Amino acid sequence: MFDNLKQMLGNAKEMNTMLGGIQSKLKVEKFEGVAGGGMVKIVVNGIQEVVEVHIDSSSLAKDNKFLEDLIKSAFNQALQKASVASQKMMMGLMQKK
């Protein structure tokens, strides 16, 4: 019984170390979302933090609703890319076990 517990704790520590490695990789990876033909560009990292926002000055001449829609679209696109990459890394981790 204690041998099983030791093995489970060892596996948990190993998994935790591997998860930390994945988090480190995701933090430096960048994913870009673009909308309005490049008028708005948002870059997030793999842990879904916004790291860059670029808004073309020509989009500022448009109405606010238009710009808001471009920002939402670019942001959602970047988040989707980050989410897919994160899922792939986690699946790779699960396949190793």
Check your understanding: Normalised by the residues of the chain, what does the relative contact order come to in percent, with Cα pairs under 8 Å and at least six apart?
Key -> 27
Review point. If you put +1 on each Lys and Arg Cβ and -1 on each Asp and Glu Cβ, how big is the dipole of the chain around its Cα centre, in Debye rounded to 20?
Key: 400
Point to revise | Dipole of the chain [Lys/Arg +1, Asp/Glu -1 at C-beta], most positive-end residue of PHE66, MET90, ALA12 | key: ALA12
Practice item. Quote the convex hull volume per residue of segment 54-96, based on C-alpha atoms, as a whole number of Å³. Key: 48
Exercise for review: With viscosity set to 1.306 mPa s and temperature to 10 °C, compute the Stokes-Einstein D of the chain, Rh being the Kirkwood radius across alpha carbon pairs; µm²/s, no decimals.
Suggested key: 102
Point to revise | Pairs beyond 20 Å (Cα-Cα), from LYS30/LYS81; LYS6/LYS27; LYS25/LYS81; LYS41/LYS65; LYS6/LYS88; LYS30/LYS62 | key: LYS6/LYS27; LYS6/LYS88; LYS30/LYS62
Study note, to complete from the structure: Per the helix-only model, the chain has a calculated mean residue ellipticity at 222 nm (DSSP H runs of ≥4, -39500 (n - 2.57) each, divided over all residues, rounded to the nearest 500) of -22500 deg cm²/dmol
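Read the figures in this text as sums done on the coordinates, not as results from a lab. All values derive from a computational prediction rather than experimental measurement. Positions of Cβ are backbone-derived with ideal geometry, glycine not excepted, and every protein chain shown enters the neighbour counts.
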